[in-house]
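Q: Next up is a structure, given as structure tokens.
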Amino acid sequence: MWSVWLNVWTLTLGLLSLPHGTAGSIMGAAVNIQLLPQDTSQQVRAHYSLVSSLPCPSLDDLCNEVNCVDPLSSSPVKGALPSPGWCVRQWQKTIPRNHTSTLQFGSDGAVSLYSRADLSVRSDTNRLNQPPYVSLPPPVRIRAGCPQEIPVDVMDLDGDEIRCHYKKNGLGEFMRLNEETCTLLYEGGAYLGQYPIQIMVEDLPSSVKNQIHIEAEPFSTVSVHLLITVESGSDCSAVPEFTGLSPAGGAVLHVLPFQEVHLNITVDSSVSEIAVIGPPGLFISAMESGSNSQSSVALSWVRGPNQLAHLLSVCFAANTQSRQSHIRCMWLQQTQTDPLPSGTSKN
């Protein structure tokens, strides 16, 4: 009897815990969808972001379909931790309003991202629904035995209620998900290794705010896949902290056409890196160390003509060799403006 239970337990760990730093593994992925203007084809534009361990895959490795487009053909952002390092790939394509995209490369298993959009006019607003947006953070690192909250940053332009839930059964008792706040609650009891989690993000009418646990039909769905690395550690309090100069978590910055955005991220200690994931075309400076042992990077982004999503997340974390700060995400909202009159131009 004990041997049977041991075999079942071993199988469960084999499904959840992946080898640390497997080359070519998917360490995070997200899909956001946006309605196409004046389109009656029952299709939407999907915006994909993927974090891969090094070596960095090409876009052809991830999506060899004709309509896959690298929006700005920018060089992939890279990071060092966890080893052997990682990079970010972003692309977009037109997909049906209900769609599952399967991402696979290298020797690892496939990751499926599901999305769904309701293209009918809402009875409560008399407008088309805008699906929620979910951010993709840098690779998440937590320490065994150190309980921690990991927010999944989401936003909805319609002001709808948002509900998050596991695609499957999650990771048991050591990683719970608060569906109302979209927060992962790490209990501290996990073996060292890497654990995949996929979360579905749905928007619902505000009338279900006090009935969020009942089965309510969502307007739309997007999804995010995270690969959480559990590392060894003993001091649960000694993590890098961001200073007041850094953007606050959940902050929203409205960006006008042709506006240039400047941000500074500063940590109160010396760190190995400040990992950042943002929109295509985001400039990230080399990390600088100040005389007071602070570490900082400067970010800049120019909103030129683009077909990027209306909401763009910027997520960042400070890493040392043995620990990671709490992850923060903020949003760049591309403010919609009326087109210039015929015959005019932007100088």
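Q: For region 221-284 and region 294-320, what is the separation of their C-alpha centers, rounded to whole Å?
A: One Cα centre to the other: 8 Å.
Q: Pop out the ³J(HN,Hα) list for region 305-322 in order, Karplus 6.51 cos²θ - 1.76 cosθ + 1.60 with θ = phi - 60°, rounded to Hz; leave Gly and Pro as x.
A: Residue by residue, region 305-322 yields x, 7, 10, 6, 5, 5, 10, 10, 8, 10, 10, 8, 8, 9, 10, 10, 5, 10 Hz.
Q: So what is log10(I(q)/I(0)) for region 157-207 at q = 0.19, 0.20, 0.27, 0.29 1/Å, when the Debye sum runs over its Cα atoms only?
A: Log-scaled intensity ratios, in q order: -0.67, -0.72, -1.06, -1.16.
Q: If you keep only loop residues by DSSP, which GluC sites (Glu not before Pro) in region 210-283 have at most 13 other Cβ atoms within 10 Å of their Cβ?
A: Glu215, Glu241
Q: Roughly how many Å² is the accessible area per residue of region 189-327, as a whole number, for a 1.4 Å probe?
A: Here the residues of region 189-327 average 44 Å² of exposed surface.
Q: Shape of region 225-347 from its Cα gyration tensor (a ≥ b ≥ c, root eigenvalues): rounded if a/c is under 1.5, otherwise prolate when a/b > b/c, or oblate?
A: Prolate, because a/c is 1.5 or more and a/b exceeds b/c.
The values are calculated or read from the model by the stated rules, or taken from the named source; none is laboratory data. Bear in mind that the values here come from a model prediction, so they are computed numbers and not experimental data. When we count neighbours, we look across all protein chains shown, and the Cβ atoms used for this are built from the backbone with ideal geometry, even at glycine. The protein model used for the area step is the full one, side chains on, heavy atoms only, and it has no ligands, DNA or RNA in it. Shrake-Rupley method; radii C 1.70, N 1.55, O 1.52, S 1.80 Å.
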